[in-house]
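The values are calculated or read from the model by the stated rules, or taken from the named source; none is laboratory data. This one's a predicted model, so the numbers in the text were calculated from it and none came from an experiment. Cβ sites come from the backbone with ideal geometry, for glycine too, and all protein chains shown count toward neighbours.
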Amino acid sequence: MGKIDEIRDRIDKIDEKLLELFNRRADLAIKIGKEKSKRNESNHFHVPHREREIFERMKRLNTGPLPAHSIESIFREIFSATLALEKPLRIAYLGPETTFSHQAAIKAFGHSSVFEPASSIESIFSMVERGHVDYGIVPIENSTEGVVNLTLDCFVDSNLHISDEVLLGINLYLLSKTGNLDDIKEMYSHPQPFAQCRSWLNRHAGGIEQIPTSSTAVAAEMASKHKHAAAIAGKLAAEFYDLKIIAEKIEDRAQNTTRFLVIGKEPAKKAKRNKTSVMFSIQDEAGSLLKILQVFGRNEINLTKIQSRPLRNRSWEYLFFVDFEGHIDDPGIDKVIRTVSKRCMYFRVLGSYPWNG
C-alpha cells in the first residue's frame, strides 16, 4: 500500500493547490463584475462569448488524458459557481425535472444556476420577457425528427434574442416499475421520443398502446405509479423516479441529437466564430425564394440551415428560418441583411451567437 499512499498524498497536494487557485480565480472574476457594475454595463457578469473563448483555449492547450468534453464540463461548473457568488443565473426550461431540456440547461449553465421548470415553450418565452428569469432554453430541432415548429411560432410573437446554442446527445430508455416488457399494457412519452424510437417499438412493442405526454419526465412519473405502464425517457428519469430499465438506447439513430437555443433579452456579443439566425416571409411568386438565396450565395455566405414553416392563419404562405455563418456586425453580413430585408414581407434577425461549427 506504500506506493498507493504516496500517489494519494500527491493527489491531496494537487487538490489543495486547485482549491487555492479556484478561489483566486473567483476573486478576480468578482472584481471584473464590480468594475462592470460601475460602468453600468450589465445586471450580471455572464458573458457567453468570453466563456466560449476560454473553452476553446483550454481545449487547445489540453494534452490529456482528460478528453475535451470533460475539460468543458469542468470549466462550465467553475463558471457557474463563480457567477453564483454574485447572483445565480435563473434559467427557465421545459419541465418538470429530468427532461432533456433540463439536462441541456445544466449543460449550458452548470449546477450552481437556479433552474425554473415551465409547463410549455410559450411559458419559457413569457418568463424571460417578464424578467422572471435571466435566460430560457428551448428545443429548436432534432437530428431525427427535424424542427420544433412551436419554437419557431413563438419567435414570431417575441422580441427575444438567441444568445447561444446547446447540442445534447439523446439516448432513450424504456422504463417501468418491474423492468419486464411482458407486464406492459400502455406506454407514455412525449411525441418526439415516440417518433425517434419508431422502428424499435414496431419490432418489440407493436401491440402496446402509446399515450403522448407533455414531457418525458411526466411520462416517467406516470410509469412510476402503475405496474403495467412504461415510459420512454432518459436515464436520469429512471434514477429520479426509481424505475427499472427494460431496454436502453432504443432510439432508431445512434447519432440522435437535439439542438437547443438559449434565449434572452440582450443580444450576444461577438465571439471568434459566430452563427446568425434570421426569420422571414416572402411574396408567393415564382423564384422569390431563389432570389433571396442568391443574395447569400453571391456574397459567399455559408448557409447552415434553411427551414420552411406554414404561417399561422395564412393558407399557403410560408415563414423561412435560416442559419448562416457569421455575425450581424460583420460588414458583408450587414450588407446582405439590408438587401434581403427589403425583398421580404417580414424579416427579423433572431440573433448572432457563438458557434462551435
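A few points about this structure:
- Leading residue by the ranking (modelled with the highest pLDDT) among those in segment 15-70 that are among the aliphatic types (A, V, I, L, M) and in contact with a Phe, Trp or Tyr (Cβ under 8 Å, 6 or more places away or on another chain): Met58
- Selection from segment 156-196 of residues that are more than 25 Å from Met222 (Cβ to Cβ), modelled with pLDDT of 90 or more and not hydroxyl-bearing (Ser, Thr, Tyr): Asn159, Leu160, His161, Ile162, Asp164, Glu165, Val166, Leu167
- Subset of segment 166-181 [among the β-branched types (Val, Ile, Thr) and either surrounded by fewer than 14 Cβ atoms within 10 Å (Cβ to Cβ) or part of a loop (DSSP other than H, G, I, E, B) (or both)]: Ile170, Thr178
- Exclusive hit being under 26 Å from Glu266 (Cβ atoms), surrounded by 12 or more Cβ atoms within 10 Å (Cβ to Cβ), among the β-branched types (Val, Ile, Thr) and touching a strand residue (DSSP E or B) at 6+ places or on another chain (Cβ under 8 Å), set Ile78, Ile32, Ile91: Ile91
- Of the residues in segment 263-270, none is more than 25 Å from the chain's Cα centre (by Cα) and either of a type in the set (Lys, Arg) or over 30 Å from His102 (Cα atoms) (or both).
- Note on segment 234-292: residues that are touching a Cys at 6+ places or on another chain (Cβ under 7 Å) and among the hydroxyl-bearing types (Ser, Thr, Tyr) total 1.
- Pairs meeting the criteria (first residue in segment 142-159 and farther than 17 Å from Pro310 by Cβ and outside the structural domain of Ala195 (by TED's automatic domain parsing), second residue modelled with pLDDT of 85 or more and of a type in the set (Phe, Trp, Tyr), beta carbons under 7 Å, at least 6 apart or on different chains) are Ser158/Phe125.
- Applying the criterion of at least 2 residues that are small (Gly, Ala, Ser) to the strands (runs of 3 or more DSSP E) found wholly in segment 182-248 leaves 229-233.
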